[in-house]
Amino acid sequence: MSKPHMERQLADNEASAFLRAIRISPRKLNLVAQMIRGKDAARAVAELTFSRRRITDDVKKVLQAAIANAENNHQLDVDRLYVKEAHVGRAFVMKRFHTRGRGRSARIEKPFSHLTVIVRERAEDAGENA
């Protein structure tokens, strides 16, 4: 006896990918996620490729995984995909201490983040076939 099958939470024309426990603060990661929200998937990959921020490589991998999921698991057209949602969540925070002068110590917080990317297939335009 197994547990019942969980219903799919996304629509039929959507696919997602996520990355958990990324070693960057959510505030910094959200700047990169904001860069790709609402854009075509191919354009978002291109922008991430040429961005100079350190975390863009990880975000690009997640976006490419979402595109691959859409193509292979849900048979969606890659050319019509766009980034519907790219949201960032807080994960845990590692707390460390740094010794300072005169016997004092300072607290260092090392935040982690979660990233979820959802791509969606655009509806076909009526004027495209005419």
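Please treat every number below as a calculation from the coordinates, not as lab data. Remember, predicted model here, so these are calculated numbers, not experimental data. Methodologically, a virtual Cβ is constructed for each residue, glycine included, from the backbone with ideal geometry; neighbour enumeration extends over all protein chains shown.
Odds and ends about this structure:
- FRET efficiency, 1/(1 + (r/R0)^6) with R0 30 Å, evaluated for residue 124 and residue 92 via beta carbons: 0.10
- With a Förster radius of 22 Å applied to the beta-carbon distance between residue 106 and residue 31, the computed FRET efficiency rounds to 0.25.
- Here the spin labels are modelled as points 7 Å beyond Cα on the Cα-Cβ line, and at residue 40 and residue 8 they lie 2.5 nm apart.
- The lysine pair tally for the chain, using Cα distances under 16 Å and a gap of 8 or more places or different chains, is 6.
- Degrees between helix 26-36 axis and first principal axis of the chain (Cα, 0 to 90, nearest 10): 20
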